[in-house]
1. Report, by residue number, each residue of the range B:90-129 that is part of a loop (DSSP other than H, G, I, E, B) and within 8 Å of another protein chain (Cβ to nearest Cβ).
2. Do the conditions hold for residue D:132, that is, is it touching a strand residue (DSSP E or B) at 6+ places or on another chain (Cβ under 6 Å), touching a residue at least 24 places away in the same chain (Cβ under 8 Å), more than 30 Å from residue D:2 (Cβ to Cβ) and at the interface with another protein chain (Cβ under 9 Å from one of its Cβ atoms)?
3. Within the range B:135-155, how many residues turn out to be part of a helix (DSSP H, G or I), touching a helix residue (DSSP H, G or I) at 6+ places or on another chain (Cβ under 7 Å) and more than 7 Å from chain A (Cβ to nearest Cβ)?
4. Mind telling me which of the residues D:308, D:364 ends up being in contact (Cβ under 8 Å) with a residue 12 or more places away in the chain, more than 14 Å from every other protein chain (Cβ to nearest Cβ), over 20 Å from residue D:136 (Cβ atoms) and buried (at least 24 other Cβ atoms within 10 Å of the Cβ)?
5. Can residue C:323 be described as surrounded by fewer than 18 Cβ atoms within 10 Å (Cβ to Cβ) and within 14 Å of chain D (Cβ to nearest Cβ)?
6. Given the conditions (1) farther than 23 Å from residue B:15 by Cα; (2) surrounded by fewer than 20 Cβ atoms within 10 Å (Cβ to Cβ); (3) at pLDDT 95 or above, which single one is not true for residue B:233?
7. So, of the residues in the range A:199-215 that are within 21 Å of residue A:46 (Cβ to Cβ) and modelled with pLDDT of 95 or more, which turns out to be surrounded by the most Cβ atoms within 10 Å (Cβ to Cβ)?
């Protein structure tokens, strides 16, 4: 019997961390063949060049697709998505996969969904059913309505996808593959590399041996004009803390220019002595850096997901993660310098939390591969009510 | 106060009939400005040149967008949609509407939805919440999840959109504007033109004064290879009936080549004496032709909607209309020559049905315009559960 | 040493005939690897489905690209070309060819040129340096200026490309590969199939054993509104001749709708008894049909090229072939029924002409492959004056 | 009589300087209507936001088109061009201009050419017939072959365009509109603003009253991997000179990431005390800054054109300007730190040159407008030999 061809489209650095163990499991599965498509910002230097890590990890790449329009505004986000539909349609047409996987809720993930669904290729949606806000909220649930099979990360998400009119036997809680990596790191937590030596980055060097924090804050698309103002609050709070800080560059989204601009001009004018900037790390190194941090600051979903398992205190700023399911490690604050600073200090001065399993027990990659090998695939559906 | 700019995107002949009275009402409303965009198959001769009727009806056109790829297969449907996203994004960016309207569930309507939603323009979805099957089922509900305001046609649809996680105050049953036209025709039903003299068409001429039927059957996209086989069943049944028949050419969809091919080769080989073919009529003439028919045959949604109000017996073939709400005038049959023929004969020999108001009372256009002028517009939302 | 990867893009039925022997020779050459991309109208049923013949001939296909927008007008021609640039860029990026071949002067061939030239892939242009008119004139010479190596068909063309500022050692007269096929047919001219039995087609059947003509007339793009008027002149002349006629459907170009419409309505109204219509034939069968015809009518370049070698009288209508180099077999006429009819009758009643070698001696395919295997490839150039 | 609608497409900051006086003259001409389309990098913050200057200068904008793909490599250059063809086709289709102007030889200018030529809109090419190298060489001459009217800048260019097969009456030497601005500045040369106060920029501040240089160096696309190495040579030479330097950020081209990266890392590591960086200035301020400089360094065409009239010593690095016509003010050097430094020092220590008129006498804008108002416009042509 021929192997099932599973086409996975990775369009951004964080999506790769979220899917990596599933890629490994698909590649290793005797009844599956992996067709990996790397597209969008995952190919771009400005957004951390995820492609380099993917190639270093040894995954063969079936096709690469440049599709990001410059401008980082709502108009170019929409055009990027349209271009993605056209290009990915062509890629799927020539690769002829048995199923296509679209990941989560970034704006361009709907391009994968349309290119597959319209060509009658069974579409598997990962990480549906969660709740946030802004454009990714619309995109996530639209992906659900275009998809034929739903592999979700939490019980809460499972119930929501079913409420959205999907049949229960098409909705499976696999947990989040990002927790698989978190589990590896929890079992071997030692920070076995020097982040500055290994990854360079820019900004002052300082001693971080006695404790440091990690910052990761992305623009929120429907507020993209406010992006610069928002990031400045965090920059000021982090500088005011005086605590060693490793800061990761934001991903590609409307508003990231405001965010980047804010960071650049703050550096130029304020010359913060306690902040060093990175573009990217491979997923395991990134998790080790977090595991050994006192606190994570920003609005990254890693704070909600991986950190729930790792038990790291998280200062979650603004409404980007909105109603996403949280463990007790998360403290929500506004775009407010004083609130941010106070939550940072609280985080620095407390113990890590016990591991939470709300996003999975660390076996998602294998579970996903097994489901893809055995589930009945279909591309036609009707709402359940 | 400046008028609200309402941008309506019409991409196909049948969508125009479904929105026409709303266009008139928007144009006439003192607080609204109509920005009409004509795109896709509505510009193409092969699909009935809706643009000609629209221009004859006097609507000013803000932009035209060619975007249909040739091939009429799932791959070109997907690419058409991607191209539509890119082009419509540009159009909206330059027109700067206060709200965009996307209509129903044709595959390319999601292009309108993405171009608006991603640019933070409030998106109004018309005719959501219904149930059919195949790709339009996925598209319709994905449109719902991308839209901010839902103007639906039936109570049933309203409840379904609310179940999909939309807040009740954002879901309004306006009825279907197509019923407004049906009401006009019901009040003035006389067939005041000779269809062949006015619209030409191809095929034999015959006397239809003593009764005729109308046929309108579109390909069902996920079965596009079967399109030719399906249409042949209907052609044989119609020929076997010997009853005068006016047949409308199918719209642009994957599979329409199979349907068109089937019709062409049947004509060439079987030379049916009782079938005359039309490409298009203006919406009112089309409804008058239906109103005076003994029976409508095929799988057009007009059979479900307008004919419910007009009371015309409908032979509905196959599952294209699936679970769409029906009045008592509809008889469902399979792709089966004998079943079709028997249902045609039953329809011919009975009275018309009394008017049903499940799709509205004939005031939808004005109701829609009034809502658009007064409702609070927003572009950010979160699921209700 | 790795084989040189030669990527050939075929976008239309006639281009395939023009390149076929070169494809065979490239595939057979021990130092070359063929990467065949089939795109545009070559994939479409309405334009003769060249893809079927290509697959039957056993060429492996590296990628297929749907890119033709419907509408057959100047606007959709331009958009098709833009789409082609985007899609072919992606295809070349993933195939990584050592050289790309673009063929002649159809509007979409510049998409191949841009996709290769901009990516620093050596671009080989076939059949440059000829002279016609309208848009293909502009496209052909623009292709020359984008290309790095020029394989032309006549001495005249060679001198013209050099005058255009290309260095003489980059311009080689290989003759036209279409003459290779013509030579095969000249050596084995028997019509060994019944065209109607083998290819079907539509229209009346008649006896053609005692002589027939072939018609092939394409729309001229800058006059696309006149396309219908032009084709009617030819239709009337052919009908008036009463002589058996095999007519080939026109290719995809702006105006082809006018041409197709003209043919369809003429058939419907005039029911010509002496014209049978075909969509396509494989290249050899087509040449055999021509070789055994009394005369070829229309504006196809086959009349200028293959027929020069085959010696068939050609009635060349209008200015589509403009100043393309002619042998003595060509009679030029206007869009004028009387002139066309008179030239047809003259052609029918005379002998075939002796073979002319102005377009080559029938060894072009091998010559092209040998050049591609041995020439120094480069992608940077400066005008010679 | 209705005014002739002249559509000008500006896709980049330097193109605006090259066309500005023509835009003013077209707008002022009683028989012309200006349709200004701003596209590509002219809309992007990273490339100096030309749009801001254009809007400040009071030109009404008919349409804006985002079309630049991120990645700054040959693949994204090609895709940007394809996207440009599609979008500009739509823009022209809806604007219905009587003529379209495409400027010079940037890679994306061929998108304007195709969108116009394929839609049978007379195409006017400005600044053809010059000679450089790499991809812009191919693009410039391809633009010539697509265009119907050629308004060139030098006698040399005029003769070359005629040699390319264009008819002499379609080739007019108008001089370069950039010289019109240079003339204004030559007549009123005082530096009436403080560049750092007015434009900010980044980097150290220093006294420049006693003399400064200006640097402007763009990546050369076919060598894009060497971009970083090349820019470092210049950076080192400029630092070594110790002379006050105003440096302008490079434009969008393949390789600009290498160039930008080179500049960023040099700043970070070497902290040059004598270099201040700007993104952009309005064209007149930019020329005043140059007029008052001792020397211009880099590979900008402004060094060849405007500086020929302004008489400023220019150190022209590498082969980007290749065989473009030069006045005596230009010293050509390799990518070689020592050569660059030595030429800088020579330039600093000499007088400015007398004005050269090889690129015009400063009346081009009016001349161009007058020609556009009176010339016979056509869109069909055949090569002259």
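The values are calculated or read from the model by the stated rules, or taken from the named source; none is laboratory data. Bear in mind that the values here come from a model prediction, so they are computed numbers and not experimental data. For neighbour counting, all protein chains shown are included, and Cβ atoms are generated from backbone atoms with ideal geometry for every residue, glycine included.
1. Residues of the range B:90-129 part of a loop (DSSP other than H, G, I, E, B): B:96-98, B:104-108, B:118-122, B:127-129.
Residues satisfying the conditions are B:107, B:118, B:119, B:120.
2. No: the conditions fail for residue D:132.
3. Final tally of qualifying residues: 3.
4. Numbers: D:308 fails: over 20 Å from residue D:136 (Cβ atoms).
Among D:308, D:364, only D:364 is in contact (Cβ under 8 Å) with a residue 12 or more places away in the chain, more than 14 Å from every other protein chain (Cβ to nearest Cβ), over 20 Å from residue D:136 (Cβ atoms) and buried (at least 24 other Cβ atoms within 10 Å of the Cβ).
5. Working: surrounded by fewer than 18 Cβ atoms within 10 Å (Cβ to Cβ): yes; within 14 Å of chain D (Cβ to nearest Cβ): yes.
The answer is yes for residue C:323.
6. (2)
7. Checked the range A:199-215; the qualifying residue surrounded by the most Cβ atoms within 10 Å (Cβ to Cβ) is A:214.
The rows are residues; the columns are (1) closer than 22 Å to residue A:339 by Cβ; (2) modelled with pLDDT under 95; (3) within 14 Å of chain D (Cβ to nearest Cβ); (4) in a strand (DSSP E or B).
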site	(1), (2), (3), (4)
A:254	no, yes, yes, no
A:260	no, yes, yes, no
A:263	yes, yes, yes, no
A:289	no, no, no, no
